[in-house]
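Report on the structure given below.
Please treat every number below as a calculation from the coordinates, not as lab data. In this text the structure is predicted, and so the values were computed from the model without any measurement. Positions of Cβ are backbone-derived with ideal geometry, glycine not excepted, and every protein chain shown enters the neighbour counts.
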Amino acid sequence: MLRVALFFLAAALFAQRPPDPAAELLWPNGAPGAVGAEDLDKPSLTPWLPDKGNGMAVVVCPGGGYGALALDHEGKQIAQWLNSQGIAAFVLKYRLGPRYRHPAPLADAQQALRMVRARGAYQKIGIWGFSAGGHLASTAATLFDGPETRPDFAILAYPVITFTDEPQVHKGSRRNLLGDAPDPQLAQALSTELRVTANTPPVFLFHTNEDKGVPPENSILFYLACRKAGVPVEMHVYERGPHGVGLAQTDYALASWSGRLADWLQRR
């Protein structure tokens, strides 16, 4: 009887959870360069709004090697954490390879920033990316085409950064974004450690020393580029932890990284 009661209690609690917010199409009349009309041809933005906002918003770019999207632990969970800090979150579902190559993902990220800015409700709008989503966020932070698409800050979690430093390249991300034999000049143009300037917004970097998927040298290269350009930057490299940990909520030591981020966001 107790087991049955617990089952119905759990079902009742689940039923009371508010539904996830609805996604909004980035391009209601069709994305530029769309090759079809399926769901994967329709990039979108899902708004997660806090009960009481503090005037900040973040576009969230989940990772997945430019071939998939980790929409739960690098999307929904991130949005919920941001909401707990009073920050509005907008989870981006961007177009992926091999169906789409550069510049489609960057166009989606820039359109997302335009859409959030057009709401007129936020004083600071940042971008936060994980793994390949970190590459996309770093691209948005270095290759913006005007004030509407320049984020006010960037958060890069175990990001893919370089496409030219061969020992450190995440080849799957490069292949999905640029193809099997990318033009060397394009690969260099999208190695974002080479694109940092004094106009790059403040950056927060998080990585782990044990990351075998995307070596921490990626974050270090970007950190050094920011240092050279005089860009405000903070980096935390934890000793332990695999690639793709998200908020690392089940790891007591590693989970503290979100506290460091919260402190950094307070200063923004």
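The table that follows gives values for the structure above.
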item: Charge dipole (debye, nearest 20) of segment 43-267; +1 at Cβ of Lys and Arg, -1 at Cβ of Asp and Glu; result: 520
item: Percent of alpha-carbon pairs separated by more than 13 Å within segment 117-164; result: 55
item: Cα shape, segment 150-238, gyration tensor, a/c 1.5 rule; result: oblate
item: Proximal lysines relative to Lys171, as straight alpha-carbon distance under 28 Å, when same-chain residues fewer than 8 apart are discounted; result: Lys42, Lys76, Lys93, Lys212, Lys228
item: Gap separating the Cα centres of segment 158-235 and segment 110-145, nearest whole Å; result: 17
item: Amide H within-cut-off set for Val233, under 5 Å, with H built and near neighbours excluded; result: Val203
item: Over 34 Å [Cα-Cα, the chain], rounded percent; result: 16
item: DSSP bridge orientation in the chain - percent antiparallel, rounded to nearest 5; result: 20
item: Residue-averaged [θ]222 nm for the chain, counting only DSSP H segments that reach four residues, each worth -39500 (n - 2.57); result: -10000 deg cm²/dmol
item: Given charges at beta-carbon only (K, R positive; D, E negative), |dipole| of segment 158-268 in Debye; result: 300
